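Asks: There's a structure below that I have some questions on.
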Amino acid sequence: MKDPRVVEEEGLDLEGEQDQPVKGIVGERLTLHAFAQMAGNLAGYPFVKVVVDRANQAHPVVHFINYNAYQFHSDYIAEAIMGIPRTELDKRIDEFNQSVYLSPDRQYLLGIVALHKKEERFFTLETVEIDTMDEPMVRYFRKWVRAYLDRELPLLFKPANHNQEAIMGRIHPSEMPRIFHHELFASSDFLALNAGKASGRLRVFQSEKEYARERPTLEWFDIIAMRRVPDDIPRLSGILNAEHTTPLSHTNVLASGWGIPNCVQIGILDKIAERGLDGQWVEMKVEITAQEVVLEPIDELPASEQVRPAWATQRIVLEEPETDHVPIVELDKLRLTDRFRYGTKAAHLGELSHLLENGSERVLGFYKIRRPPRANLIPYLGKFIGMSETEVQDSTLVAAKAAEFLRHTIRVPRGIALPFSLNQQFLQSSPGLQQGIGKLKMALQLNARELEPLCLDLVTRIRAMRLPDAMREVIDSAIANHLAGVGSFVVRSSSNAEDLENFSAAGIYESFNHVTTAEKVFASIREVWASLFSPRSVRLRQEVGISLDDCWMGVIIQEEMPAEIGGVLVTSNPLNKADFRNVYINVSTHSVDSVVHGVELPLQFVYNTVEGGGRTLSLGAANEDLSEERKQQLQQLAFAGRLLQSHFSPNYTFSDPVDIEWLIDQEGIVILQLRPYTT
């Protein structure tokens, strides 16, 4: 093995000109000047990677790695310490990772040191989230890294996972100063929710009342700034939130689906006022690695150059719906192919029920994909669900065990699905409604701007109409037959004009909780049907060319489950789209709705669905973190979500994430709905 100190001798003087970057600084104190030259950037913070080589535990060697030369610890260790090519270590990368992240007698301790400069400057030290360091190892790691950093700046340990958070609970802060990710999150001024660049007219609204008054004047080229941008936004060019929000609210899901820049920037309204940018044309830049949004004034584009973006000329084509004499059925009788009769939400829930009952080879899709240098991730899944190394060689057995894991982990509430044909019968039962629909279609064909009065007239008429007696009896009989004993229902929308490629429609149709009596069920059904004609839903569909003639609304009537906690899971990391390991989970101790509508800032977590492990990103509005038992349930949910992503994948890359609304009751995890998530 090479002497690691040779690394420093082979490097060039940090103060002078360099033909190539130095590999690192070894066994010497890392100055702030050297740190700045070697640092990468993570979420706006400069950082360097660190390796503590414990070959001699009494006198370990501390290596600070130049990120410009080595973006991975393994590459540095291979070339600079072990003296072998990077590709050689890559061939046994799983074995290497086991030795440095999981082994109790590991030689190398790996982490990163970041520099924070908001108010008081300080360093943080953290490992990767899968690291299983115990308490003595954490103490040792911090002690020796501290010894080689600038003494004038504090070094705070930043727990990388829930196990390390528990370790910090056993050590007094005076012994080991620490800072938690949720503390940094709460104090951060900037969060890139959706990176990108856009040019447009900046519009500032100080209140939701002001926004509601001016909303009809918003154009596609507007960039809006508010404390919290509401759910009912039209399609825009950019979004600026002046208060913290979650990436999984309806507003931010829409922004992601539209591909527009979106961020949180604390104090942005004051900065816009100081610079006189309200109403001005600006270029907006949101970058993941930045520390603030960039707003640069530009000249207003001539009218001839204000070309509508690509989405304005796209046309979404819907599958031809079936609206003739389709029966009401139990949800668990549906499959994906029933979406053109009952809508996508109902079909997804039916398909999920079928999956839990029968299993599927598709659930392994994500884990079968090659992730160089790994042939696949099946061994990781197998380990999590309790299989031996020999058993994971049999993919049929793995699929069966995965299906068994899903059956024991999640369930779907009982429910029935009302088809499009009932919606059609209801709308055709009233000449007045038919006349109003005809007027709206004509206005849409003429591209009229004043659609709202026509939409509101239809919504009012539908709400006020009584269901035909025969229809009431059919619905009442279906509920009595399949949902007898249920005291409270959820009535959900299930349209064919949602959850489509390039058109998520998140939050634009109505759903209702706590529905108890028959009359309230019938009223909620009418409300769901009416939401097909709401001004916002009509406007958003018109923008992508979805004809009103092709749109229909199904209805789901489900047993309402008494939630202890609930939230949203997306099988992606919205804050780092290159991260294939982690899924993102938002949790409310009140309701799922408070998460998706942005009413409450939820607890936010990432969970690794390869090696396992989680991290608390934000406590949101909560006073404390979840219990260990709850965190274990979320880990189960994370792996279940990844398996569902695979089964519901529209293609064979198995990489398209899904958005899952869920809750936990006394019996376990309940899946309320599942839809594609546009990144």
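So that you can scan it fast, the table gives a plain yes or no per residue for (1) assigned to a loop (DSSP other than H, G, I, E, B); (2) aliphatic (A, V, I, L, M); (3) surrounded by 16 or more Cβ atoms within 10 Å (Cβ to Cβ); (4) within 37 Å of the chain's Cα centre (by Cα):
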| site | (1), (2), (3), (4) |
| --- | --- |
| Val52 | no, yes, yes, yes |
| Val62 | no, yes, yes, yes |
| Tyr67 | yes, no, yes, yes |
| Tyr70 | yes, no, yes, yes |
| Asp75 | no, no, yes, yes |
| Ala78 | no, yes, yes, yes |
| Ile81 | no, yes, yes, no |
| Glu88 | no, no, no, yes |
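Asks: Pick out the one residue from Thr516, Thr460 that is over 26 Å from Val329 (Cβ atoms) and surrounded by 12 or more Cβ atoms within 10 Å (Cβ to Cβ).
Replies: Thr460
Asks: Does Ser421 meet the test of being modelled with pLDDT under 95 and on the phi < 0 side of the Ramachandran plot? Steps first, please.
Replies: Details: modelled with pLDDT under 95: no; on the phi < 0 side of the Ramachandran plot: yes.
In short, no.
Asks: Output the residues belonging to segment 368-397 that are farther than 18 Å from Gln635 by Cβ and touching a Phe, Trp or Tyr at 6+ places or on another chain (Cβ under 8 Å).
Replies: Result: Lys368, Ile369, Arg371, Asn376, Ile378.
Asks: If you scan segment 116-144, which residues turn out to be more than 30 Å from Pro373 (Cα to Cα) and either modelled with pLDDT of 95 or more or small (Gly, Ala, Ser) (or both)?
Replies: Of all residues in segment 116-144, those more than 30 Å from Pro373 (Cα to Cα) come to 116-124, 135-136, 139-140, 142-144.
Result: Phe122, Phe123, Thr124, Glu135, Pro136, Arg139, Tyr140, Arg142, Lys143, Trp144.
Asks: Going through segment 495-507 one residue at a time, which ones are on the phi < 0 side of the Ramachandran plot and either assigned to a loop (DSSP other than H, G, I, E, B) or of a type outside the set (A, V, I, L, M) (or both)? Before the answer, list the steps.
Replies: Of the residues in segment 495-507, the ones on the phi < 0 side of the Ramachandran plot are 495-498, 500-501, 503-504, 506.
Answer for segment 495-507, where residues must be on the phi < 0 side of the Ramachandran plot and either assigned to a loop (DSSP other than H, G, I, E, B) or of a type outside the set (A, V, I, L, M) (or both): Ser495, Asn496, Ala497, Glu498, Glu501, Phe503, Ser504, Ala506.
Asks: Now for a separate question. For the structure I just gave you, tell me whether Ile239 is surrounded by 18 or more Cβ atoms within 10 Å (Cβ to Cβ), of a type in the set (A, V, I, L, M), touching a helix residue (DSSP H, G or I) at 6+ places or on another chain (Cβ under 8 Å) and outside any strand (DSSP E or B).
Replies: For Ile239, the condition - surrounded by 18 or more Cβ atoms within 10 Å (Cβ to Cβ), of a type in the set (A, V, I, L, M), touching a helix residue (DSSP H, G or I) at 6+ places or on another chain (Cβ under 8 Å) and outside any strand (DSSP E or B) - is not met.
Asks: Of the residues Leu454, Leu446, Leu418, Leu427, which is surrounded by 17 or more Cβ atoms within 10 Å (Cβ to Cβ) and farther than 30 Å from Ser353 by Cβ? Don't jump to the end; show me each part of the working.
Replies: On the way: Leu446 fails: surrounded by 17 or more Cβ atoms within 10 Å (Cβ to Cβ); Leu418 fails: farther than 30 Å from Ser353 by Cβ; Leu427 fails: farther than 30 Å from Ser353 by Cβ.
Checking each option against the conditions leaves just Leu454.
Asks: Would you pick out the residues in segment 122-147 that are in contact with a Leu (Cβ under 6 Å, 6 or more places away or on another chain), hydroxyl-bearing (Ser, Thr, Tyr) and buried (at least 18 other Cβ atoms within 10 Å of the Cβ)?
Replies: The one that is in contact with a Leu (Cβ under 6 Å, 6 or more places away or on another chain), hydroxyl-bearing (Ser, Thr, Tyr) and buried (at least 18 other Cβ atoms within 10 Å of the Cβ): Thr124.
Asks: When only residues in segment 285-327 that are of a type outside the set (Val, Ile, Thr), modelled with pLDDT of 90 or more and under 30 Å from Ser187 (Cα atoms) count, which is surrounded by the most Cβ atoms within 10 Å (Cβ to Cβ)?
Replies: The selected residue is Leu295.
Asks: Go over the candidates Glu510, Glu527 one by one and state the one that is of a type in the set (D, E, K, R) and either on the phi > 0 side of the Ramachandran plot or part of a helix (DSSP H, G or I) (or both). Spell out how you get there, then give the answer.
Replies: Numbers: Glu510 fails: either on the phi > 0 side of the Ramachandran plot or part of a helix (DSSP H, G or I) (or both).
Selected residue: Glu527, the only one of Glu510, Glu527 that is of a type in the set (D, E, K, R) and either on the phi > 0 side of the Ramachandran plot or part of a helix (DSSP H, G or I) (or both).
Each row is one residue, and each column tells you yes or no for (1) surrounded by fewer than 20 Cβ atoms within 10 Å (Cβ to Cβ); (2) among the polar types (S, T, N, Q).
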site	(1), (2)
Ile585	no, no
Leu601	no, no
Ser618	no, yes
Gln633	yes, yes
Ser646	no, yes
Phe654	no, no
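Asks: Right, next: So which pairs qualify, if the first residue must be in segment 179-195 and within 16 Å of Ile266 (Cα to Cα), the second must be among the β-branched types (Val, Ile, Thr) and modelled with pLDDT of 90 or more, the Cβ gap must be under 6 Å, and the two must be at least 6 apart or on different chains?
Replies: Asp189/Ile266; Leu191/Val264; Ala192/Val286
The values are calculated or read from the model by the stated rules, or taken from the named source; none is laboratory data. The model shown is predicted, which means the values in this text are computed figures rather than measured ones. Because the Cβ atoms are built from the backbone with ideal geometry, glycine has one as well, and the counts that use them run over all protein chains shown.
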